[in-house]
1. Please compute the modelled spin-label separation between residue 51 and residue 190, points set 7 Å along Cα→Cβ, answer in nm with one decimal.
2. Per 0.36 nm of contour for each residue apart, how much would the distance between residue 136 and residue 71 grow if the chain were fully extended, relative to their Cα-Cα spacing?
3. For the pair residue 101/residue 146, report the inter-label distance in nm, with labels modelled 7 Å from Cα in the Cβ direction.
4. Kindly put 101, 132 in sequence by how many other C-beta atoms sit within 10 Å of each C-beta, fewest to most.
5. Any idea what the relative contact order of the stretch 82-206 is, in percent, if you count C-alpha pairs under 8 Å spaced at least 6 apart?
6. Quick one: what does P(r) look like for the stretch 96-164 with 5 Å bins over all Cα pairs, in whole %?
7. Could you tell me the calculated FRET efficiency between residue 62 and residue 89, based on Cβ-Cβ distance and R0 = 41 angstrom, to the nearest 0.05?
8. Between the stretch 158-206 and the stretch 68-134, how many Å separate their Cα centres?
């Protein structure tokens, strides 16, 4: 019956069974606790490593950014150095080309005077030796200037070029195309292709 008391043997077995279950429960609880402690230990070990990896990644990114900045600065410095060198080379070249320009300008009035002297001699045979001597002197002058790329601009019979010629007047000239240079009052000169003095001319009117 339900209310009947258990005999001593059954009572002892029941007690032993309850003790075994309690022991198993305690063992399981201890195992779970140990597993939790182990997980916590793993987490505690991983956390510093993760923090270190994050810091290393951050440092690497900063280093890469600094390298790119230094590369950019180096490229700018190299470009500036090349520009300075090119400007210096251009200045030296210009000095070589046009260093005699001022001197040549001072010589032009002398050439003009020699040309006028030759015209003044005319065809007088008595003055022919003097005229030839002046012509020789003038030609030597012109040849000397030509060695420095100083070229004469004598455009008679050519079309008027405002880049090289300066029109002093325009006159009607029969059987001559408009804008043709019919007379050169003063020859012009160029130095290395750059105009030093324009030729003063008279141009045919259309």
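1. Distance between the two pseudo-spin positions: 8.0 nm.
2. Numbers: separation 65, 0.36 × 65 = 23.40 nm, distance 6.52 nm.
Going from the current span to full extension adds 16.9 nm.
3. Placing both labels 7 Å beyond Cα along the Cβ direction yields 2.3 nm.
4. Working: 101 16, 132 12.
Ascending number of Cβ neighbours within 10 Å: 132, 101.
5. Details: 165 pairs, mean separation 29.6, N = 125.
So the answer I get is 24 percent.
6. Here the calculated profile for the stretch 96-164 is 3, 14, 20, 19, 19, 15, 7, 3, 1.
7. 0.50
8. So the two Cα centres are separated by 23 Å.
Values quoted throughout were computed directly from the atomic coordinates according to the rules given, and no laboratory measurement underlies them. Just so we're clear, the structure is a prediction, and the values are computed from it rather than from any experiment. Virtual Cβ from ideal backbone geometry, glycine too; neighbours counted across all protein chains shown.
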